[in-house]
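J.: This is the structure, below, for whatever I ask next.
Please treat every number below as a calculation from the coordinates, not as lab data. Nothing here was measured: the structure is a model prediction, and the numbers come from that model. Backbone-built Cβ (ideal geometry, glycine too); neighbour counts: all protein chains shown.
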Amino acid sequence: MKEIKVSTINGFNEKLVGIETIPSVKKSKYPTAILVHGFGSNKEETNGGFNEFAKNLSAEGFLVYRFDFSGCGESDGDYSETSLSKLKSDLSKILEFVQSQSKVDNSRIGILGQSFGTATAITLEPKVKCIVLMSSIVNSKEILAELFGKGYNPDGISTRIKPNGVITKIKPQFWKDFENHNLLESIKNIHCPILFIHGSKDYRVPVANMESYFQNANDPKEKAIIDGGDHGLRPYRNKMYKIVVDWFNKYLV
């Protein structure tokens, strides 16, 4: 496994920084996975979840890309200016970048979204080989407003202090922009295999969110509810990694 830092430019002339993880097995072109992080997170995801994904997938021969969205991690931009529309635009540019890489087999690209990253992936309606949606969110505005708690201010600056002390601030356009999206309609426009994974003890995003998507998604589709798993699929991440690797092996190899 080899990791290289890469970057591309989004539609706002901001640099998006990512990591390309290359398998040890040499090929002219690889089946490829793009990892899409959640709200206020980064290319590593919570507790390094995406780092482990990159290792697990590259060990199976997949080329892996994981990027910081604008305003996150090492990427340019002000996250307080973000919105689902901007995240969709960022992901579009990331997908274009990945498709332009000579070592990528464009007929075998999969996308994996985590938490709010599922909303970003769905609203893009990407034309890829398959998709994995973990801890997927339908009622994005309501769930994120609850996450901000007393710091929720749709007409001003919404502020959230994470348990690790990191402060996330969001301006009003973030909440207003949800009116421009209908995620349950968008998923109907995705015509590739979709795997839904959710933890039974996800108290941040109820399993009902995933079930709403599942009912509206096209076939083929599968779902895996991990008994006892929380929003980050802990403490059963190893089980979750295997489910994802098996899915990508089924549809990308």
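J.: Tell me which of S212, S85, W247 sits at the most positive position along the dipole axis of the chain, charges placed on C-beta atoms (Lys, Arg +1; Asp, Glu -1).
T.: Going by the Cα projections, it comes out as W247.
J.: Go from 0 up to the bin containing the longest alpha carbon distance in the chain, width 10 Å each, and give me the % of pairs per bin.
T.: Cα pair-distance distribution for the chain, in percent: 7, 33, 39, 18, 2, 0.
J.: Relative contact order for the chain: what percent, with Cα pairs under 8 Å and sequence separation of 6 or more?
T.: Relative CO of the chain lands at 17 percent.
J.: Moving on. Below 11 angstrom from the Cβ of E60, what's the summed charge of the other residues (Lys, Arg +1; Asp, Glu -1)?
T.: +1
J.: Let me ask another. What are the extents of the Cα atoms of segment 98-236 along their three principal axes, in Å, largest first?
T.: Extents along the principal axes, in whole Å: 45, 36, 30.
J.: A follow-up question, please. What does DSSP give for the chain in terms of the percent of beta bridges that are antiparallel, rounded to the nearest 5?
T.: The antiparallel fraction comes to roughly 40 percent.
J.: When all alpha-carbon pairs of segment 156-218 are counted, what percent fall beyond 18 Å?
T.: Here the tail beyond 18 Å accounts for 59 percent of pairs.
J.: Which FRET efficiency value, to the nearest 0.05, do you get for K103 and K150 by plugging their Cβ-Cβ distance into 1/(1 + (r/R0)^6) with R0 = 41 Å?
T.: 0.30
J.: Using the Cα centre as the reference, give the magnitude of the dipole from point charges on the C-beta atoms of the chain (Lys, Arg: +1; Asp, Glu: -1; all else neutral), rounded to the nearest 20 debye.
T.: The calculation lands at about 600 debye.
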